1. Take peptides 63-70, 30-37 and line them up by average Cβ neighbours within 10 Å, highest first, as a rough protection proxy.
2. In terms of the Cα gyration tensor, with a ≥ b ≥ c the square roots of its eigenvalues, is the stretch 100-146 rounded because a/c is under 1.5, prolate because a/b exceeds b/c, or oblate?
3. Quote the charge dipole size of the stretch 15-99 about the Cα centre in Debye, to the nearest 20; the model charges only the Cβ of Lys and Arg (+1) and of Asp and Glu (-1).
4. Could you tell me whether the stretch 15-99 comes out rounded, prolate or oblate from its Cα gyration tensor? Rule is a ≥ b ≥ c as square roots of the eigenvalues, rounded for a/c under 1.5, then prolate if a/b exceeds b/c, otherwise oblate.
5. Of the peptides 226-235, 126-135, how do they stack up when ordered by the mean number of other Cβ atoms within 10 Å, highest first?
Amino acid sequence: MDNINCTKVTHKEDIYVYCNDCNASVCRSCFKNHRRHDMLDNDTLYNEKVEKANGAIKSIENQVNNIDSRIKQNSRNFQLVENSYQQVKEKIERVCQELVDSIHVKKVELTKELDSYYNDISGSHKSLQKDLEKDIETFQKMSKDIQVNKESMPNDIQKVDYIILFNNYLNTMQKKREIEDRNFNQNLDYSGSIPLFNDKATTKIINKIQLLYLYENSYFYIIKHKSDYMEIYDISGSKSHLIKIPPIPIENPIPMENPIQCSCTVNNCIYIFSTQNLYTLNLQEEKLNWIRTEYKYSRVKPQFNNQPTAIFNGADKFYLFSKGSYICFTFDINTNQFDQLHMQRTFTHFRLFLDSENIICVMHDNHHTGSTAMYKYPKNGDFNLSLTTPLRSLPKPLSSNISVCYAVDSIYYLTPNQFLKLPNQPLSYPPDFDSNNLQESRMYYQKSVNSIYLFKSLSPLLIYNISNNSWSKVGLQSPIDQYCVIASSSTGYHF
């Protein structure tokens, strides 16, 4: 190496060693200040740095390659999105154009039919008007012919000619009356000449057009109780398969061994609440593992009682309810903190659902009286939930042995012998269905297929098609139990 001067201003001698302890170059004059320090000669240090630099260069190259691979993978993934976007866009164009073409063809057909009615009555109208105008001319000529000149006295020949003329007039008028009697209906009925248009059919057409909407494929993730397998069910394809996952590591079993779960995935994760920790399963990860997050308490420590349930508001909070309690706990997914809300009624034998702005609570008390309450869920930090005017009342008496579902602004409920839609519309009952212990069953509505899915222990998956009022069933690869976790998702990771 070329000699360089010591970095000390007062020293001008050549640098020949490097002090690792002081991280400084040292000349012979200042060496006395670095006794018992870790020293390296410049050549050794240089070779070490070059070796580390080569390793760093390789590491940088690997990182660049990894980033480049991610860029290429992202480009391929986005290309799939681009292709899907173009396919859906073309399908929308095609379907809507088919609707426009069909409506245009129908318009031409109806207009042509209407024109034929109009042309027929228009021709008859013109012919009638022409005949009537001709009659006016005839009558006016007759009136002129039979008119007598009172200023002059006719001779005998003129009198005879007048008599003959008047008799001819009488004969003509008689024939005219006979013709009019035979053609009594000669006048056109203008009021009923054009048929009516059945515009009531447009309501059905509009309803069908409203059924056209964008939707994502939907899936059910089903985690069996005390099992290391998860079954993924593709709703659109009506098929499923099992994958191996670690069992849920809940440290303190919740009463009845029923974990508090949300019925849908949130940010592609399955959320399960225990008494002390939150467990999440990120479905996007290639290797599935449960992540435990310890609760952060601000001023509220949740107390979960029997048969708890959780719903997500679609933005940032879970709402957790327990049987026999009037307190609702909220859990913020951004801060992992709890808060609490005081409801106006105690929850006893209840089912909870969420629509665009409300928590809908279907409940019945110990006297078996059914009722439905609607709560506005909190917005802008306002935690004062108020009970609004109740929705329709459920039929009475009502036992706890029912299953309830909220779909398309309506409440559907299943009893041991009836399947109904509020207020009291009977629907087709699932065939060959074991109606015992219905309170252990769960019903989920899926908008993409406008159907209700009924899960029950040791039973096949039953599917109710709302449009057709019909049931079908699908055999899952392994039976479910009342404690299994079921979460719906719009993405099909690991399928």
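Derivation of every value follows stated rules applied to the coordinates shown; laboratory data play no part. If you're wondering where the values come from, they're calculated on a predicted model, not measured in any experiment. When we count neighbours, we look across all protein chains shown, and the Cβ atoms used for this are built from the backbone with ideal geometry, even at glycine.
1. In descending order of packing, they fall as 30-37, 63-70.
2. Here the stretch 100-146 falls in the prolate category.
3. So the dipole magnitude of the stretch 15-99 works out to roughly 240 debye.
4. prolate
5. The packing order, highest mean first, is 226-235, 126-135.
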